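Before any comments, here is the structure.
The values are calculated or read from the model by the stated rules, or taken from the named source; none is laboratory data. If you're wondering where the values come from, they're calculated on a predicted model, not measured in any experiment. All Cβ positions, even for glycine, are placed from backbone atoms using ideal geometry, and neighbour counts span all protein chains on display.
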Amino acid sequence: MLVRMGDLAHKTASLSIMNYIEGKSNHRQVQDWSDMLIMMEDEVEAKAFELIARFQPVASDLRIIKSYIKISYDFTRYGRYAHDISQICKMLGGMGACEEWIKKLIKEMSEKTLGMVDTSVESLKNLNAEMAKTLSETENKVDNLYATYFERLVKKSPSASRCTISSVLVVRYLERIADHATYTGESIVYVATGEKVTLR
């Protein structure tokens, strides 16, 4: 179920981000998938509590269940942030009117963030702790792009525009998705090795 959630979360975030970049709106689909992720998270939690109640797991089994609950939450957050990006696109439009440097920065940030989502899902599928640990490096790059965006925006001091408002919100959500990909990586390392790590 978690793997299906991860695949759907990646698909949801990807559709939302690409729609914003291309100036398209497919808000209904993104919203439906985001809602589906919430329902799936509820199912994961219900199954986890059933396992705890029926089998009273200890040590590594309990660690796995706890981590899977956390991962399901992170996947749900990917969907919610994708929904927020989609809503911005629907209300304010895509990047068509944005300055070229903003388009370039958001495209780069989007690629890195979607790569992190993909890595978090793939590392879950294989319980690959080493792959999960690589998320930290990319998350630092996303954070740097986030800071760069605001530094440049402040220096230019443009009047508020639809692009400025929407791009400020979108880069924030991309940064949050990248954070949740890192949290997922931490949980995967914990499941696979029992080691508690901080990748951010």
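Summary table below
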| item | result |
| --- | --- |
| The range 111-140 residues that are touching a residue at least 12 places away in the same chain (Cβ under 8 Å), paired with ones that are of a type in the set (K, R) (beta carbon under 7 Å, 6 or more apart) | K112/K141; S136/R200; T138/K112; E139/R200 |
| Qualifying residue in the range 142-163 (condition: surrounded by fewer than 18 Cβ atoms within 10 Å (Cβ to Cβ) and in contact with a Leu (Cβ under 6 Å, 6 or more places away or on another chain)) | yes |
| Helices (runs of 4 or more DSSP H) wholly inside the range 78-169 containing at least 3 residues that are modelled with pLDDT of 95 or more and of a type in the set (D, E) | 100-126, 135-156 |
| Criterion violated by S16 - all others in (1) out of contact with any Ser or Thr (no Cβ under 7 Å at 6 or more places or on another chain); (2) at pLDDT 95 or above; (3) polar (S, T, N, Q) satisfied | (1) |
| Condition met for I85 (more than 21 Å from E122 (Cα to Cα), β-branched (V, I, T) and under 16 Å from the mean Cα position of the chain (by Cα)) | yes |
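A quick yes/no check of all residues on (1) surrounded by fewer than 21 Cβ atoms within 10 Å (Cβ to Cβ); (2) among the small types (G, A, S):
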{"position": "D42", "(1), (2)": "yes, no"}
{"position": "E45", "(1), (2)": "yes, no"}
{"position": "F49", "(1), (2)": "yes, no"}
{"position": "Q56", "(1), (2)": "yes, no"}
{"position": "A59", "(1), (2)": "yes, yes"}
{"position": "R63", "(1), (2)": "yes, no"}
{"position": "K66", "(1), (2)": "yes, no"}
{"position": "F75", "(1), (2)": "no, no"}
{"position": "M91", "(1), (2)": "yes, no"}
